[in-house]
1. Once you have the Kirkwood Rh of segment 26-105 from its Cα pairs, apply Stokes-Einstein at 10 °C and 1.306 mPa s and quote D in µm²/s.
2. Show me the three semi-axes of the equivalent ellipsoid for segment 323-381, from the C-alpha gyration tensor (sqrt of 5 times each eigenvalue), largest first, rounded to whole Å.
3. Could you tell me which of 216, 144, 58 has its Cα farthest along the dipole of the chain towards the positive end, charges placed at Cβ (Lys, Arg +1; Asp, Glu -1), taken about the Cα centre?
4. By the scheme Lys and Arg +1, Asp and Glu -1, what is the net charge of all other residues having a beta-carbon under 11 Å from that of residue 377?
5. Where in segment 192-216 does the amide nitrogen come within less than 17 Å of the point 7 Å from the Cα of residue 317, taken along Cα to Cβ?
6. What does the helix-only formula give at 222 nm for the chain: each DSSP H stretch with n ≥ 4 adding -39500 (n - 2.57), the total divided by the residues, and the result rounded to the nearest 500 deg cm²/dmol?
7. Restricting attention to the alpha-carbon atoms of the chain, what are Rg (one decimal) and Dmax (integer), both in Å?
8. Could you please tell me the mean projected area of the C-alpha convex hull for segment 232-381, averaged over all directions and given in square nanometres to one decimal?
Amino acid sequence: MSAPRIGVIGGGQLARMMQPAAVNLGIELSVLVQSPNESAAQVIPNVMLGSHHEWSDVAKFASQCDVLTFDHEHVPLDFLVKLQESGIAVRPGPHALKFAQDKLEMRKKLSSIDIPCPTWQEIQSESDLQSFAQYVGYPLVLKTAKGGYDGKGVWVVDSELEAKNVFSEILTLGGKVLAEQLVSFTRELSAQVARSPHGQCVAYPIVQSTQTNGICHEVISPCPDLAEDRAIYAQEIALRIAKELDVVGMLAVELFDTGSEILVNELAMRPHNSGHWSMDGALTSQFENHLRAILDWPLGSPANTSKVTVMVNLLGKDVGNLHSAFRHVMARDPELKIHLYGKEIKPGRKIGHVNVSGDNIEDLLARAWHAADYITGVIDE
Ligand SMILES: Nc1ncnc2c1ncn2[C@@H]1O[C@H](COP(=O)(O)OP(=O)(O)O)[C@@H](O)[C@H]1O
Ligand SMILES: [Mg+2]
């Protein structure tokens, strides 16, 4: 039997990192990208140029695939419904993906199935805003329901004036507005599970994830100092969401740990930055399990292969040639694993990550941060 043809919509680093897993499994990926320079287009031979906003491009791309999956959540849902009706396996399906595309839909759904969330409300008018602010107090959080990423589309507002300005800014852009209490979390966690169409699930260890200006920057797996019952509780939240929303593929559930509660921040239905550690620290990476899941193949073990793995993202600074740093960091730390995304360096942009595994968290953090800072030119020794 010939291998199923998998199409990935979107050419970012997540699609790129599916390719090594596909190579190992002997399956071919195709990718729909807007430009031939995109991260995934550099490594996946079957590239179609086109826009995920254009029905004709998406339909033509999908007609060459048996299974369709995603690097991002920005494909219009009505396209995906039409493709599904024409017999293409869309994984995750539009009925699930809508909860990752739209934070208001996500809050409504999770609240309806009693998953713990921050206090939230849809804001349709200034009086909605006033009553919500009276209830939770300032500062509070305003979000665009759709299209945000890496903290773009999230505002912490301190006063009524600021809130009104952000509210009208989002409305002007044509978006719906979600308001949330500002959660005073002690840290952020992430729960990742893979789920296949016939319902098999595996849960990765709960990780601690730290964001800088809304961008994921550091991940520790497994999460340090998390009691076993709370870790299992967090895994169960993710498993329940995967089942109730009928997610297929990888699901990431971003969580707030307040010390006493674990609340859901948001969902991603694809491989996620908080799972990059698994490329070097788990028996099966999130990219391999995403492919296995969307093909309805048995899932691989998500277990850690070391006591601890630390991941630090490489965020672009002003350095031109990342590879010139390799000689130094590789010689200094032969256990370090470096992943670059082939992306043009722009300040603050995710251009790669490093992983390092071992026993001692402090030592691993120091080594991963040294390498990340040296490669991005923050330090020079
Ligand atoms: N209700 C909240 N309370 C406190 N911090 C929040 C809240 N919502 C978001 N944040 C902070 O902003 C970051 C980005 O928000 P998120 O909704 O995950 O947006 P994005 O889609 O850009 O990842 C979160 O990781 C968290 O650090
Ligand atoms: Mg997020």
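Quick note: the coordinates plus some simple rules give every number you see, no bench work behind them. Keep in mind the model is a prediction, meaning the values are calculated, not measured. Cβ: placed from backbone, ideal geometry, glycine included. Neighbour counts: every protein chain shown.
1. Reported coefficient: 120 µm²/s.
2. Rounded to whole Å, the semi-axes are 20, 12, 11.
3. 58
4. Charge balance in the 11 Å sphere: -2.
5. Correct set: 212-213.
6. One gets -10000 deg cm²/dmol as the mean residue ellipticity at 222 nm.
7. 20.6, 63
8. Convex hull of Cα atoms, orientation-averaged projection: 10.5 nm².
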